[in-house]
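The values are calculated or read from the model by the stated rules, or taken from the named source; none is laboratory data. Given the structure is predicted, the values throughout are model-derived calculations rather than measurements. Please note: Cβ atoms are built from the backbone with ideal geometry, for glycine as well, and neighbour counts cover all protein chains shown.
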Amino acid sequence: MAKWGVTKPVRLLLIGSGGQVGGEILRLGWPVPVDIVAPVRAQLDIAHPMQVTALLKEGMFDVAINCAAYTVVDKAETDVEAAWRLNAVWPAVLASETGWLGIPIVRVSTDYVFDGSKPGLESDPIRPLSLP
């Protein structure tokens, strides 16, 4: 652990662990000890910010990874409200709450937003692979 500068297990909040990306993150071989808390939807309803706030305050997390998203792209064109809640409102709530607590957050994106040539930053222009 000292090789990585870590003296205690990293406490990680993984939201969206029931999806493809979240499931893969759970199966990763981590280079340092990691204590992963991965609440299922019944334990954490991201539509209720007070639940998110309570979990973050109680958990004493070192980092949060958000894999929860509306990912059925074609359906999102007609189910705009639900897609907006999951892909815009929810990340904003999470960013606000983690920001107050000083918890770094990782947001997973897709090739519908960035081309994957490098890790995307909030300041980067979008560049989906579908663009010429």
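Among the residues of region 38-58 satisfying the criterion of being of a type in the set (Val, Ile, Thr) and not in a helix (DSSP H, G or I), which is surrounded by the most Cβ atoms within 10 Å (Cβ to Cβ)? Quick ask: steps written out before the conclusion?
Filtering region 38-58 for residues of a type in the set (Val, Ile, Thr) gives 40, 46, 52-53.
Pick out the ones that are also not in a helix (DSSP H, G or I) and you get 40, 46.
Working: 40: 9, 46: 20.
My answer is 46.
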**Report entry** residue 117 vs. criteria farther than 20 Å from residue 20 by Cα, loosely packed, with under 10 Cβ neighbours inside 10 Å and at pLDDT below 75
**Finding:** no
Report task. Examine region 104-112 for a residue that is of a type in the set (D, E, K, R) and without any contact (Cβ under 8 Å) to a residue 12 or more places away in the chain, and state whether such a residue exists. Result -> no
